[in-house]
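> Pasting in a structure now, in structure tokens, and then I'll have a few things to ask.
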Amino acid sequence: MLQPLYQTRSDLLDLEAAVIDARPGMVLLGDTIAFPGGGGQLPDRARLRWGGGEAAVTGVTADARGWWHAFEGEAEVAGPVRLSVDAGFRHLMAELHTLAHIANSIVYRAFDGALLTGAQLSADATFRLDFDLPASDVERLRALSGPINEVIRADLPIRAFQMPWDDANAVPGLFRSRAVSPPRQAGGNVRIVEIGDIDRQGCGGTHLTSTGEARPVRILKVDNKGRQNRRIRVGFEG
């Protein structure tokens, strides 16, 4: 599979496409601009429109020919379709995902390479991160908003690029999750997201183009989730 358009053209929110195949309630397109969900990021809110109908997209999955888009109802689509992504929700998820990377990077450096054990971005404009921190200083975690907001004010550029999966796996810190590694993409590559000079890690989600586009944050809560897990919940100021 080639990289989907939501990774290479995150500014593209409308796509006209030919139908490769169709079933009741599903249509196969050669590419997609709709993020399907994963890595803690919610799926894009998207709609399909075609001659005589339209419906909300309920799921996106890949096969060897392209991307299946499931949608509400049992219509069998023929002819060209238009796929549209909700711009406001896409931006919110990109903002939260960018902030999650920043927080992850700060914790990784400040707590001797602490690995991520879970993550979830939420539609209520908050996110949570779980870390393998068996003896963490809760007050230090509660103070994370300071360094996160410093990175926002620094307005660092964000870019994504491909590198061989095996090479990335050999570099400490590029894969941060204790349980899950980013999937191999076309030609055995993995997508790496880089934030200035403070963070590089494998990721398939959507992000802002610079940290300065994000709003300031505050730490909402720090919880102990078992003997070795600390959960940090983050939201926007105000």
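> When you scan the range 41-73, how many residues do you find that are part of a loop (DSSP other than H, G, I, E, B) and modelled with pLDDT under 95? Explain how you work it out, then say what you get.
Taking the range 41-73 first, the residues part of a loop (DSSP other than H, G, I, E, B) are 42-45, 51-52, 64-65, 72-73.
Those left that are additionally modelled with pLDDT under 95: 51-52, 64-65.
The number of residues fulfilling the criteria is 4.
Each row is one residue, and each column tells you yes or no for (1) part of a helix (DSSP H, G or I); (2) in contact with a Gly (Cβ under 6 Å, 6 or more places away or on another chain); (3) at pLDDT 95 or above.
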{"site": "PRO147", "(1), (2), (3)": "yes, no, yes"}
{"site": "PHE161", "(1), (2), (3)": "no, no, no"}
{"site": "LEU174", "(1), (2), (3)": "no, yes, no"}
{"site": "ARG184", "(1), (2), (3)": "no, no, no"}
{"site": "GLY212", "(1), (2), (3)": "yes, no, yes"}
{"site": "ARG218", "(1), (2), (3)": "no, no, yes"}
{"site": "ARG227", "(1), (2), (3)": "no, no, no"}
{"site": "ARG230", "(1), (2), (3)": "no, no, no"}
{"site": "GLY238", "(1), (2), (3)": "no, no, no"}
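> Residues of the range 5-30 being farther than 16 Å from ALA70 by Cβ and assigned to a loop (DSSP other than H, G, I, E, B), which ones?
The answer is ARG9, SER10, ASP11, LEU12, LEU13, ALA18, GLY30.
> Take the residues in the range 126-137 that are among the aliphatic types (A, V, I, L, M) and more than 14 Å from the chain's Cα centre (by Cα), then tell me which one is modelled with the highest pLDDT. Can you show your working first?
As a first pass, look at the range 126-137 and keep what is among the aliphatic types (A, V, I, L, M): 129, 133, 135.
Adding the requirement that they be more than 14 Å from the chain's Cα centre (by Cα) leaves 133, 135.
On the way: LEU133: 91, ALA135: 74.
Filtering the range 126-137 for residues that are among the aliphatic types (A, V, I, L, M) and more than 14 Å from the chain's Cα centre (by Cα), the one modelled with the highest pLDDT comes out as LEU133.
> Which pairs do you get when a residue that is open to solvent by less than 30 Å² (accessible area, probe 1.4 Å), found in the range 1-12, comes within reach of a residue that is aliphatic (A, V, I, L, M) and not in a loop (DSSP other than H, G, I, E, B), reach meaning Cβ atoms under 7 angstrom, with the pair 6+ apart or on two chains?
GLN7/ALA160
> Can you tell me how many residues in the range 86-124 are outside any helix (DSSP H, G or I), among the hydroxyl-bearing types (Ser, Thr, Tyr) and at pLDDT below 95?
Here is the first cut: in the range 86-124, the residues outside any helix (DSSP H, G or I) are 86, 111-124.
Filter again for among the hydroxyl-bearing types (Ser, Thr, Tyr), leaving 117, 122.
Pick out the ones that are also at pLDDT below 95 and you get 117.
Summing the residues that are outside any helix (DSSP H, G or I), among the hydroxyl-bearing types (Ser, Thr, Tyr) and at pLDDT below 95 in the range 86-124 gives 1.
> Filter the range 145-161 down to the residues that are touching a helix residue (DSSP H, G or I) at 6+ places or on another chain (Cβ under 8 Å) and touching a residue at least 60 places away in the same chain (Cβ under 8 Å), then identify the one that is surrounded by the most Cβ atoms within 10 Å (Cβ to Cβ).
Out of the qualifying residues, it is VAL151.
> Let me ask something else. Could you list, in sequence order, the residues of the range 75-107 that are of a type in the set (Gly, Ala, Ser) and under 18 Å from the mean Cα position of the chain (by Cα)?
First, the residues of the range 75-107 that are of a type in the set (Gly, Ala, Ser): 75, 78-79, 84, 87-88, 94, 100, 103, 105.
Selection gives ALA87, GLY88, ALA94, ALA100, ALA103, SER105.
> Could you check how many residues of the range 29-48 are farther than 15 Å from HIS207 by Cβ, open to solvent by less than 10 Å² (accessible area, probe 1.4 Å) and not β-branched (Val, Ile, Thr)?
Here the count works out to 4.
> Step by step: first the residues of the range 213-238, then only those that are within 25 Å of HIS91 (Cβ to Cβ) and of a type in the set (A, V, I, L, M, F, W, C), then the one that is most open to solvent (accessible area, probe 1.4 Å). Which residue is that? Step through it out loud before you land on a result.
Step one: filter the range 213-238 for residues within 25 Å of HIS91 (Cβ to Cβ), giving 213-221, 232-238.
Of the ones still in play, those that are also of a type in the set (A, V, I, L, M, F, W, C) are 214, 217, 219-220, 232, 234, 236.
Numbers: ALA214: 9, VAL217: 2, ILE219: 30, LEU220: 68, ILE232: 6, VAL234: 3, PHE236: 26 Å².
So the residue we want is LEU220.
> Among the candidates SER181, SER177, single out the residue that is farther than 14 Å from ARG200 by Cβ, surrounded by 13 or more Cβ atoms within 10 Å (Cβ to Cβ) and touching a residue at least 60 places away in the same chain (Cβ under 8 Å). Give the derivation first.
On the way: SER181 fails: touching a residue at least 60 places away in the same chain (Cβ under 8 Å).
Of the residues listed, the single one that is farther than 14 Å from ARG200 by Cβ, surrounded by 13 or more Cβ atoms within 10 Å (Cβ to Cβ) and touching a residue at least 60 places away in the same chain (Cβ under 8 Å) is SER177.
The values are calculated or read from the model by the stated rules, or taken from the named source; none is laboratory data. Just so you know, these numbers come straight off a predicted model, no measurement behind them. Cβ: placed from backbone, ideal geometry, glycine included. Neighbour counts: every protein chain shown. Each accessible area value is taken on the protein alone, full model and side chains, heavy atoms only, with ligands, DNA and RNA left out. Shrake-Rupley method; radii C 1.70, N 1.55, O 1.52, S 1.80 Å.
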